[in-house]
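Encoded as structure tokens, the structure appears first; notes follow it.
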Amino acid sequence: ESTLALSEKEKIEKKVGLSSAGGNKEEKVIVSYWGIQPSKITKKDGTEWKWNCFSPWGTYKADLSIDLEKHMPPTTFLDKMAFWTVKVLRYPTDVFFQRRYGCRAMMLETVAAVPGMVAGMLLHCKSLRRFEHSGGWFKALLEEAENERMHLMTFMEVAKPKWYERALVITVQGVFFNAYFLGYLLSPKFAHRMFGYLEEEAIHSYTEFLKELDKGNIENVPAPAIAIDYWQLPPGSTLRDVVMVVRADEAHHRDVNHFASDIHYQGRELREAAAPIGYH
Amino acid sequence: MKNVLVRSAARALLGGGGRSYYRQLSTAAIVEQRHQHGGGAFGSFHLRRMSTLPEVKDQHSEEKKNEVNGTSNAVVTSYWGITRPKVRREDGTEWPWNCFMPWDSYHSDVSIDVTKHHTPKSLTDKVAFRAVKFLRVLSDIYFKERYGCHAMMLETIAAVPGMVGGMLLHLKSLRKFQHSGGWIKALLEEAENERMHLMTMVELVKPSWHERLLIFTAQGVFFNAFFVFYLLSPKAAHRFVGYLEEEAVISYTQHLNAIESGKVENVPAPAIAIDYWRLPKDATLKDVVTVIRADEAHHRDVNHFASDIHHQGKELKEAPAPIGYH
């Protein structure tokens, strides 16, 4: 069955014809000197692919059948600490955003894209330092970060950020990046568990978001073009469909991070278990 | 004596004897399929162990451990519904690597011009060029003619800039609510590619303890230095990496010459390299070094290109990134 996916990808690759479209003259000179050509990619229906930030083979259909209710009951001290850290962080966000879920989702995603990146980077450096294989985990974690960033790119189209929100994001990123970096260095077990709980809260927020959409308090606008291409949604999809797939993504990330933490709890290292690459 | 045993065991494993090893282990942790993946490309699922050399050493005890932990592990796996898809090669044999998938492997374009050089013009160019030349003198003194070792140490350093650059672009994209033009992915791909070079070289050269210590220090210093460097001037940082790759190309050319003149033994290529670069089954070290050199030449192009974009006063996201350029 996997050869099927392979041949599919090859087909797409063949479609990637080389052409020097776009850009001004200067750019073309550089391009030809370094031999780097902007590739022209077309969609399955023959129209031009307009996104630079992801390619057709980066898209997927989200698995909406995933169990959203799953919860990891905190048992050990570390788990409880992770759980309550997230609960405490939840409180000020509730106060700040109230019922503006679009905005809230956007802000959450700017934070949610950090842990995957930090963890992936640290695993990469560790793999280099110790001359060890990584078991694909660092790719899985980077994929997760990239996926969260795509959520942000989607919600950005729906809710335009205001200046004070931008300022807030810069501050929060500065603090959260460093805190998570240290946290991951000290205890990957704790860091993954905490992120797992964070994702559980994210699912809860998106469920609330869906309720508001259904009630009509938030307008069910058409889905942004980027979302339709990224999740292979049918044309004519609405914001509700987007929130559904994003919520499914978060549920998958929850599984990955709790799983990673469980591996650490069993006294093993991540590289000993195969990473869930392409789990979404 | 122990070393010899380990090495021969490793060779047997890499040479295809390893398949039974996987089968034995994976039966301990077979879990039922609970999840339909997006691509629909996966059949039954296995949880598998990595195939690294250190684990070969105590293959027996590992197996025992796995039997003991197997049940609990399977429970955890099925609870979170996470399993590794069973991947096959094009010829139907099982895919032994966790760290990269068949769709990550590629044919390297060895026809690339390896002699291309960017002449430093601006001040930042010159600073970057001199910095690289200075580092080159130091490494030449340290390694002399031990090419394999030299290559291995270089790769541990070379995998850092892509990672740092990718991470900083990622964070910038988040902070500014901007698209990235695919550069994050391109730079991370570069880092991953360099790490695969390292994984290949490690199979050929065993690092000694003082080399490990050196790597530890060098990574700590270089990571932080490059982080700050990239924050201050991405222009100079990309140029620096471009020149670093030029030096890498030169080193690999010397390595090739040494192989041709017989100074370095032309051993068979490690299995991981054959799968990663889709080399023929009887490929040798020479083929591996040739494709690695081509990779480095591609990275040189990408980084000089990125620096050129900055030199024109533009941002990376304005030009589409060269994803899959290798």
Practice item. Whenever you get a sec, compute what percent of the accessible area on the stretch B:123-318 sits on carbon and sulfur atoms (1.4 Å probe). Key: 64
Revision key, fill the gap. Computed over the stretch B:123-318, protein heavy atoms only, probe 1.4 angstrom, the accessible area per residue in square angstrom equals 38
Review point. In nm, to one decimal, how far is the modelled label at A:LEU186 from the one at A:LYS80, with both set 7 Å along Cα→Cβ?
Key: 1.8
Study note, to complete from the structure: The aspartates and glutamates whose Cα lies under 16 Å from the Cα of A:LYS44, excluding any fewer than 8 residues away in the same chain, are A:GLU8, A:GLU10, A:GLU13, A:ASP229
**Study point:** A:MET81, A:MET107, reordered so the largest accessible area comes first (probe 1.4 Å)
**Key:** A:MET81, A:MET107
Exercise for review: Report the extension gain between B:GLU145 and B:ASP113 in nm, rounded to one decimal, defined as 0.36 nm multiplied by the number of residues separating them, less their alpha carbon distance.
Suggested key: 9.0 nm
Exercise for review: When a/c is below 1.5 the answer is rounded, else prolate if a/b is larger than b/c, else oblate, so apply that to the stretch A:229-274 with a ≥ b ≥ c taken from the square roots of the Cα gyration tensor eigenvalues.
Suggested key: prolate
Check your understanding: Taking K and R as +1 and D and E as -1, what net charge do the other residues with C-beta under 9 Å from the C-beta of B:ALA273 add up to?
Key -> -3
Practice item. Run the dipole for the stretch A:132-269 about the Cα centre, Lys and Arg Cβ at +1, Asp and Glu Cβ at -1, nothing else charged, and hand back the magnitude in debye, nearest 20. Key: 300
Check your understanding: Between B:THR284 and residues 5 or more places away or on another chain, which pairs have amide H atoms under 5 Å apart, with H built 1.01 Å from N, and which residues are they?
Key -> B:ALA269
Revision key, fill the gap. Checked chain A against the a/c 1.5 cut and the a/b vs b/c comparison, axes a ≥ b ≥ c from its Cα gyration tensor; verdict oblate
Point to revise | Loop-exposed trypsin sites (Lys or Arg not before Pro) per DSSP, neighbour cap 16 Cβ within 10 angstrom, longest uninterrupted part of chain A | key: A:163-267
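Roughly how crowded by other chains is peptide B:179-190, in terms of the mean Cβ count from those chains within 10 Å of each of its Cβ atoms?
The shielding value for this peptide is 4.
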Review point. What is the dipole size for the stretch B:123-318, taken about its Cα centre, with +1 at each Lys and Arg Cβ and -1 at each Asp and Glu Cβ, in debye to the nearest 20?
Key: 620
Point to revise | Efficiency of FRET from Cβ geometry, A:GLU212 and A:TRP57, R₀ 41 Å, rounded to 0.05 | key: 0.75
Review point. Across bins of 5 angstrom width beginning at 0, how are the C-alpha pair distances of the stretch B:123-318 distributed, in whole percent?
Key: 1, 7, 15, 20, 19, 15, 11, 7, 3, 1, 0, 0
Check your understanding: Roughly how big is chain A's charge dipole about its Cα centre, with Cβ charges of +1 (Lys, Arg) and -1 (Asp, Glu), in debye to the nearest 20?
Key -> 580
Review point. Between the stretch B:218-244 and the stretch A:261-280, what is the C-alpha centre distance in whole Å?
Key: 31
Exercise for review: For the stretch A:160-172, take each phi angle, set θ = phi - 60°, evaluate the Karplus expression 6.51 cos²θ - 1.76 cosθ + 1.60, and give the result in whole Hz per residue in order, putting x for glycine and proline.
Suggested key: 7, x, 8, 4, 6, 6, 4, 4, 4, 4, 4, 5, 4
Review point. Which part of the stretch A:58-89 falls in the paramagnetic zone of A:ARG240, meaning amide N under 11 Å from the point 7 Å along Cα-to-beta-carbon?
Key: none
Study note, to complete from the structure: Candidate cut points under trypsin sites (Lys or Arg not before Pro) in the stretch B:287-322, DSSP loop plus at most 16 other Cβ atoms within 10 Å of their own Cβ, are B:LYS314
Exercise for review: In whole Hz, with x marking every Gly and Pro, tabulate ³J(HN,Hα) for the stretch B:111-124 from phi via Karplus 6.51 cos²θ - 1.76 cosθ + 1.60, θ = phi - 60°.
Suggested key: 7, 5, 6, 8, 9, 4, 9, 9, 6, x, 10, 6, 4, 4
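Which of the peptides B:248-256, B:164-172 is most tightly packed, and how do the rest follow, going by the mean number of other Cβ atoms within 10 Å of each residue?
With the highest mean Cβ count within 10 Å placed first, the list reads B:164-172, B:248-256.
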Study note, to complete from the structure: Mean other chain Cβ within 10 Å across A:121-127 is 5
Study note, to complete from the structure: Output for the stretch B:197-260 (equivalent-ellipsoid semi-axes, sqrt of 5λ from the C-alpha gyration tensor, Å, descending) is 26, 19, 8
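Averaged across B:320-326, how many Cβ atoms of other chains sit within 10 Å of each residue's Cβ atom? Don't skip to the end; give the middle numbers.
Values: counts 12, 4, 7, 8, 5, 5, 0.
That average works out to 6.
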Check your understanding: If you stretched the chain out fully between B:TYR106 and B:ALA225, how much longer would it get, using 0.36 nm times the residue separation minus the C-alpha to C-alpha distance?
Key -> 39.6 nm
Review point. Rounded to the nearest 500, what is chain A's calculated 222 nm mean residue ellipticity when only DSSP H runs of at least 4 contribute -39500 (n - 2.57) each, over all residues?
Key: -22500 deg cm²/dmol
**Study point:** Restricting the stretch A:69-151 to GluC sites (Glu not before Pro) in coil, as DSSP defines it, with at most 15 other Cβ within 10 Å
**Key:** A:GLU69
Review point. Non-local amide H neighbours of A:THR238 (under 5 Å, H modeled in plane, Pro and chain starts lacking H): which ones?
Key: A:ALA223
Check your understanding: Which pairs, out of B:LYS86/B:LYS176; A:LYS126/B:LYS144; A:LYS61/A:LYS215; A:LYS61/B:LYS176; A:LYS139/A:LYS162; A:LYS189/B:LYS317, put more than 31 Å between their alpha-carbon atoms?
Key -> B:LYS86/B:LYS176; A:LYS139/A:LYS162; A:LYS189/B:LYS317
Practice item. Find how much the distance from B:GLU315 to B:THR253 grows on full extension, using 0.36 nm per residue of separation minus their present alpha carbon separation; answer in nm with one decimal. Key: 19.0 nm
Review point. So if R0 is 35 Å, what FRET efficiency would A:GLN232 and A:ASP67 give, r being the distance between their Cβ atoms, rounded to the nearest 0.05?
Key: 0.95
Revision key, fill the gap. The stretch B:189-208 and the stretch A:152-217 have their Cα centres apart by a whole-number Å value of 35
Revision key, fill the gap. Expected vector for the stretch A:267-280, Karplus 3J(HN,Hα) from phi with 6.51, -1.76, 1.60 and θ = phi - 60°, integer Hz, x for Gly and Pro, equals x, 10, 10, 4, 5, 6, 9, 5, 7, x, 6, x, 8, 7
Review point. Total accessible area buried between chains A and B, 1.4 Å probe, in Å² to the nearest 100?
Key: 7700
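The values are calculated or read from the model by the stated rules, or taken from the named source; none is laboratory data. Just so you know, these numbers come straight off a predicted model, no measurement behind them. Cβ coordinates were reconstructed from backbone atoms using ideal geometry, including for glycine residues, and neighbour counts include every protein chain displayed. Note: accessible area is taken over every heavy atom of the protein model, side chains too, but ligands, DNA and RNA are not part of it. Shrake-Rupley method; radii C 1.70, N 1.55, O 1.52, S 1.80 Å.
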